[in-house]
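Student: Sharing a structure below in structure tokens format, with a few things to ask.
The values are calculated or read from the model by the stated rules, or taken from the named source; none is laboratory data. Values in this document were obtained by computation on a predicted structure and should not be read as measured data. No Cβ is skipped: glycine too gets one built from the backbone with ideal geometry, and neighbour counts run over all protein chains shown. In case anyone asks, the SASA skips ligands and DNA or RNA and just uses the protein heavy atoms, side chains included. Shrake-Rupley method; radii C 1.70, N 1.55, O 1.52, S 1.80 Å.
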Amino acid sequence: MGKWKRSQAYSDYMGFVLTLNEAVKGKKLTCEFNVSETIDNLLSLLGTLDRWIDETPPVDQPSRFGNKAYRTWYGKLEQEAEALVSTVIPADKHAAVPEIAVYLKESVGNSTRIDYGTGHEAAFAAFLCCLCKIGALRVEDQLAIIFKVFDRYLRVMRKLQKTYRMEPAGSQGVWGLDDFQFLPFIWGSSQLIDHPTLEPRHFVDEKAVNEHHQDYMFLECIKFINEMKTGPFAEHSNQLWNISAVPTWSKVNQGLIRMYKAECLEKFPVIQHFKFGSLLSIHAGTEGC
């Protein structure tokens, strides 16, 4: 774990998360931003994954969770991942396809356990980070990376979770922030910094969530939790309930970044699955980059 925290990969990954955190500050999902050809290609890649879910319905099985049809769906991705990634990467950078495709395959859950969690989400952020490193995504794509691509990724993951009843990977249950995601809470809280009317205490109010979820990723996540869970919010999502008592969104954002490092990036059960290569290197400093 010490080697990981000193690695180029850790600093590149965290730098990527924080750069995007800054880029979306105070901005709505519905604001205007540049949509490049690469962004369009990424959206069509995610659209393909979405379509495959429709083509691979759940099978009848005795156990309620972990529908085995997910393995069929995942098998398609395993087969097609490199072809899909090559549609996103400029021709002169195609040598990077096999390495970058690994992160895409890692980002949708585990086919043995039929589970999904923050480690898989981190693999998708690493996938996007690699696209930035090779120049396929640029600085002017920052808003579209979150508001278009990551938002679409979340929708596909929610559909996977619902369709195949995926287990939360390494869930801390009521003590975790969320069963499946973490990054949209960080970036989503940054979107809400200095909002004229919405305060952290408002996100436990279903009316506020229903009115504003189209504009804010954080509220979109809360809406999904409300749809999936029953009972008092304070009981099924205790950590989020506690966060609603924090006075400002900037404090929520800073706290979530600290929590992400402690609960996800510095936890061996999550990071043991992280893949390293020439783009996200385990070596310290700039060595191997």
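Student: Tally time: how many residues in region 234-253 are modelled with pLDDT of 95 or more and buried (at least 18 other Cβ atoms within 10 Å of the Cβ)?
Tutor: So the answer is 7.
Student: In region 94-119, how many residues are more than 12 Å from Leu279 (Cα to Cα) and of a type in the set (Phe, Trp, Tyr)?
Tutor: Matching residues across region 94-119 total 1.
Student: Does Gly109 satisfy the condition of being buried (at least 20 other Cβ atoms within 10 Å of the Cβ) and on the phi > 0 side of the Ramachandran plot?
Tutor: Spelling it out, Gly109 is indeed buried (at least 20 other Cβ atoms within 10 Å of the Cβ) and on the phi > 0 side of the Ramachandran plot.
Student: Among the numbered criteria (1) surrounded by fewer than 20 Cβ atoms within 10 Å (Cβ to Cβ); (2) closer than 16 Å to Gln181 by Cβ; (3) among the acidic types (Asp, Glu), which single criterion is violated by Asp115?
Tutor: In the conditions (1) surrounded by fewer than 20 Cβ atoms within 10 Å (Cβ to Cβ); (2) closer than 16 Å to Gln181 by Cβ; (3) among the acidic types (Asp, Glu), Asp115 misses (1) alone.
Student: Any chance you could count how many residues in region 221-233 are of a type in the set (A, V, I, L, M) and open to solvent by less than 40 Å² (accessible area, probe 1.4 Å)?
Tutor: 2
Student: Still on this structure, I have one more. In region 179-199, how many residues are open to solvent by 10 Å² or more (accessible area, probe 1.4 Å) and β-branched (Val, Ile, Thr)?
Tutor: 2
Here is a yes/no grid of residues against (1) part of a loop (DSSP other than H, G, I, E, B); (2) open to solvent by 50 Å² or more (accessible area, probe 1.4 Å); (3) at pLDDT 95 or above; (4) in contact with a Cys (Cβ under 6 Å, 6 or more places away or on another chain):
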residue: Trp4; (1), (2), (3), (4): no, no, yes, no
residue: Leu18; (1), (2), (3), (4): no, yes, yes, no
residue: Leu29; (1), (2), (3), (4): yes, no, yes, no
residue: Thr48; (1), (2), (3), (4): no, no, yes, no
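Student: Here is a follow-up. Can you say whether Phe218 is open to solvent by less than 10 Å² (accessible area, probe 1.4 Å) and touching a Cys at 6+ places or on another chain (Cβ under 7 Å), as far as the supplied structure shows? Write out each step before concluding.
Tutor: On the way: open to solvent by less than 10 Å² (accessible area, probe 1.4 Å): yes; touching a Cys at 6+ places or on another chain (Cβ under 7 Å): no.
Against the criterion (open to solvent by less than 10 Å² (accessible area, probe 1.4 Å) and touching a Cys at 6+ places or on another chain (Cβ under 7 Å)), Phe218 does not qualify.
Student: Of all residues being part of a helix (DSSP H, G or I) and open to solvent by less than 50 Å² (accessible area, probe 1.4 Å) in region 89-98, which is farthest from Met157 (Cα to Cα)? Just the residue, please.
Tutor: Looking at the filtered set, the residue picked out is Ala96.
Student: Return the pair list, or none, for Cβ contacts closer than 8 Å from residues in region 50-71 that are within 14 Å of Gln161 (Cα to Cα) and touching a residue at least 60 places away in the same chain (Cβ under 8 Å) to residues that are part of a helix (DSSP H, G or I) and of a type in the set (Lys, Arg), at least 6 apart or on different chains.
Tutor: Partner pairs satisfying both residue conditions: Asp50/Arg155; Asp50/Lys159; Ile53/Lys159.
Student: Can you tell which of Leu177, Leu131, Leu143 is in contact (Cβ under 8 Å) with a residue 40 or more places away in the chain, out of contact with any Gly (no Cβ under 6 Å at 6 or more places or on another chain) and outside any helix (DSSP H, G or I)?
Tutor: Among Leu177, Leu131, Leu143, only Leu177 is in contact (Cβ under 8 Å) with a residue 40 or more places away in the chain, out of contact with any Gly (no Cβ under 6 Å at 6 or more places or on another chain) and outside any helix (DSSP H, G or I).
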